[in-house]
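All remarks here apply to the structure that follows.
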Amino acid sequence: MYRSSNIVARVFDRQICTPAPGTSVHHARRFYENLVPSHTVYEVECPDHSFRKFTDDGQYLISFSRNHQELIVYRPRWLSFSCKDEDCDKHDLPSRAKRFDSFFSQLYCVPLASCNELICKDFFLYMESNQFGLFATSTAQIHDAPAVGGAVHGVPSIEKITFHLLRLEDGEILDKKVFSNDFVNLTHNMGVFLYDDLLAIVSLRYQTIHILQIRDSGNLVDVRAIGEFCREDDELFLNSNAQGMAFSDKNKQLQLPGNHIENHMHQGQPNLGNSFLSGIKQRLLSFIFQGLWNEERDDTLRIQRLRKKFYFHFQDYVDLIIWKVQFLDRHHLLIKFGSVDGGPQVSRNADHHPAFVAVYNMDTTEIVSFYQNSADELYLLFEQFCDHFHATSRNSMYMNFISSHSNNIHALEQLRSIKDKASSSAQFVKKMLASLPFSCQSQSPSPYFDQSLFRFDDKLISATDRHRQSTDHPIKFILRRYPYSLKFKIKPGPEAGSMDGRAKKISSFLFHPILPLALSVQQTLFLQPSVVNIHFRR
């Protein structure tokens with residue numbers, strides 16, 4: 001614990017004091033109480049781009065052109081200027097400071113989308129170990145597409161979805177992965193999850209989890225597809241078995257030459273494999289059945305329980321579809337199941353639909369656990385071990401210090417306060433668990449969102465990567481510890497406030513993960529140029 005809030009005194013304390021084991025990083029992060037983005041340059045002259053985010057290591061700023069055709073990557077740099085007087089802090093910044101290129105240098109501009117495709121501006125994943133970036137382009141959605149070829153009825157279709165793997169150092173496109181007439185939910189990375197070098201892509205339309213590996217060479221390699229089949233040789237086994245059955249039926253028909261009608265009927269039958277449930281659905285039903293079977297010892301009570309809990313809801317379980325997936329580690333997936341009507345791509349009120357969460361072991365192809373999204377047992381795990389659900393890559397050091405209610409007492413107190421105010425405990429649990437599985441790389445690792453250092457209104461700003469309703473009032477960041485003083489403010493939009501109070505405005509905040517540097521971007525819904533402010537330590 002530092003004895004003084006003075007930064008010079010803290011430097012001396014750091015030289016003579018050794019922090020407790022395992023706390024060195026948390027000890028060093030307290031310097032951010034002194035190093036804050038306390039100065040704002042309003043309405044910076046910048047290109048009319050859609051700014052996405054800083055990479056987790058702070059090396060790059062990702063942005064897209066307004067026509068969603070090109071990727072533009074910048075390198076953050078610090079404002080520098082000369083001053084002849086002794087006290088330069090009292091002088092206004094030079095006019096050049098209001099220019100975007102004083103803080104960022106453009107590295108390159110790469111066209112990604114073809115003529116009929118657009119870049120998905122809400123999608124971007126970063127592989128820090130190799131400095132690879134994953135981007136997506138797609139054609140327009142077809143909402144009333146017919147469900148053909150095993151597709152789920154009611155899920156939209158996209159004619160072409162292309163994932164582009166780029167080396168961010170020079171912008172070279174290393175590999176591409178194309179999905180045709182499919183649907184992947186790309187909003188806020190919801191349908192794709194990156195863990196180390198493994199990539200999970202959820203095909204909502206065909207209910208398949210595609211597992212890919214990103215090689216050091218920059219190749220996207222198919223590892224397995226989980227959905228209709230669970231093991232690599234399931235399809236081969238079923239096809240060979242179907243061929244054997246067809247051959248056996250043919251021999252029986254040859255022994256009955258007079259039965260022409262039966263022979264014609266057998267020729268017109270579909271493949272027997274088409275009548276099977278998918279592999280992942282069979283694993284799920286087996287787990288539910290075995291769990292209910294083992295709960296009772298008496299055979300009579302066992303049958304009654306199965307009738308009530310399993311057979312009565314059998315069709316409901318069969319109709320469940322995969323909504324979302326995340327890695328828990330290299331071997332386990334957290335899968336969210338729900339009805340088609342409650343899918344995140346279909347309904348805005350998905351929280352009100354019943355949903356289930358399952359843990360799936362990719363090696364053994366078994367369901368390990370299964371919970372409804374209103375289960376108190378699952379909420380208890382979520383409250384106490386939230387960090388285990390935030391699966392971060394081993395090389396991503398910055399992501400290990402994001403505040404959550406399982407590692408931060410202030411976040412836990414805030415969660416319990418919300419719980420105490422909730423009118424219904426069941427609805428509160430359901431609302432909290434609706435965030436599972438978590439979206440990949442959806443939170444900023446900036447130390448200014450560390451709730452052990454600063455206090456702020458999380459309704460206006462938070463580490464979660466989301467657009468928020470804009471306000472004309474500055475957002476205050478206040479010290480958590482004595483003297484509990486206001487350290488800095490973040491105000492989006494013009495310095496004097498908006499002239500048109502009727503226009504609905506939304507804001508996004510891009511914080512650098514290391515430097516005292518942030519961008520606030522305010523935009524209206526009428527495609528007017530965005531108002532970009534730069535907040536930095538002068």
*Separation in nanometres of the label points that stand 7 Å from Cα toward Cβ, at Ala147 and Ile16*: 7.3 nm
*asked:* From the mean inverse distance of alpha carbon pairs (Kirkwood) and the Cα radius of gyration, derive Rg over Rh for the chain.
replied: 1.04
_Nearest 10 degrees, 0 to 90: helix 279-295 Cα axis against the chain principal axis_ = 80 degrees
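For a test of the definition: using alpha carbon positions, the gyration tensor, and the 1.5 limit on a/c, classify the range 1-59 as rounded, prolate or oblate.
It is oblate, given that a/c is not under 1.5 and a/b is not larger than b/c.
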*Where a ≥ b ≥ c are the square roots of the eigenvalues of the C-alpha gyration tensor, would you call the range 406-484 rounded, which needs a/c under 1.5, or, failing that, prolate if a/b is larger than b/c, or oblate?*
prolate
_Top positive-direction residue, dipole computed over the range 415-456 with Cβ charges, set Ser439, Phe456, Gln427_ = Gln427
*For the range 181-231, just the Cα set please: Rg and Dmax, both in angstrom.*
11.3, 31
*Per-residue HN-Hα couplings for the range 143-150 [Karplus 6.51, -1.76, 1.60; θ = phi - 60°; Hz; x = Gly/Pro]*: 6, 10, 5, x, 7, 10, x, x
_Per-residue ³J(HN,Hα) for the range 327-337, Karplus 6.51 cos²θ - 1.76 cosθ + 1.60, θ = phi - 60°, Hz, x for Gly and Pro_ = 7, 9, 7, 6, 10, 10, 10, 9, 10, 9, 10
*Take every Cα-Cα distance within the range 1-151, group them into 10 Å bins from 0 onward, and report for each bin the whole-number percent of pairs it holds.*
8, 23, 24, 23, 13, 6, 2, 0
*Along the positive direction of the dipole of the chain (beta-carbon charges: Lys, Arg +1; Asp, Glu -1; about the Cα centre), which of Tyr195, Ser102, Leu284 reaches farthest?*
Ser102
*Estimated dipole of the range 377-432 in Debye, rounded to 20 [Cβ of Lys and Arg +1, of Asp and Glu -1, Cα centre]*: 160 debye
*If you roll a 1.4 Å probe over the heavy atoms of the protein chains, what accessible area per residue do you get for the chain, in Å²?*
53 Å²
*asked:* For the pairs Lys121/Lys489; Lys121/Lys177; Lys459/Lys489; Lys459/Lys491; Lys431/Lys505, flag any whose C-alpha to C-alpha distance is greater than 20 Å.
replied: Lys121/Lys489; Lys431/Lys505
_Kirkwood hydrodynamic radius, the range 406-538, all distinct C-alpha pairs: what's the number in Å?_
16.7 Å
*Please give the FRET efficiency for Leu486 paired with Gln414, using the beta carbon to beta carbon distance and R0 = 25 Å, rounded to the nearest 0.05.*
0.80
*asked:* Over the Cα atoms of the range 141-220, what radius of gyration and what Dmax do you get, in Å?
replied: 14.0, 42
*Carbon and sulfur together cover what percent of the accessible area of the chain at a 1.4 Å probe radius?*
51 percent
*Classify the range 347-469 as rounded, prolate or oblate from the Cα gyration tensor: take a ≥ b ≥ c as the square roots of its eigenvalues, call it rounded if a/c is under 1.5, otherwise prolate when a/b beats b/c and oblate if not.*
oblate
*Residues with amide H under 5 Å of Gly493's amide H, sequence separation 5 or more or different chain, H placed in the peptide plane at 1.01 Å from N; which?*
Gln522, Asn533
*Would you compute, from DSSP H runs of 4+ residues alone, the mean residue ellipticity of the chain at 222 nm, taking -39500 (n - 2.57) per run and dividing by the full residue count, rounded to the nearest 500?*
-6000 deg cm²/dmol
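Multiplying the sequence separation of Arg29 and Asn294 by 0.36 nm and subtracting their Cα-Cα distance, what value in nm do you get?
Values: separation 265, 0.36 × 265 = 95.40 nm, distance 5.04 nm.
The span from Arg29 to Asn294 would gain 90.4 nm if fully extended.
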*Low-density loop cleavage sites - chymotrypsin sites (Phe, Trp or Tyr not before Pro) in the range 24-120, where at most 14 other Cβ are within 10 Å (DSSP)*: Trp78, Phe81
_In order through the range 418-428: 3J(HN,Hα) via Karplus (6.51 cos²θ - 1.76 cosθ + 1.60), integer Hz, x for Gly, Pro_ = 5, 5, 5, 7, 5, 6, 9, 5, 5, 5, 4
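The values are calculated or read from the model by the stated rules, or taken from the named source; none is laboratory data. On a predicted model such as this, the values are computed, not experimentally measured, just so you know. Neighbour counts run over all protein chains shown; Cβ positions are idealised from the backbone, glycine included. When the accessible area is computed, the model is the full protein with side chains, heavy atoms only, and any ligands, DNA or RNA have been set aside. Shrake-Rupley method; radii C 1.70, N 1.55, O 1.52, S 1.80 Å.
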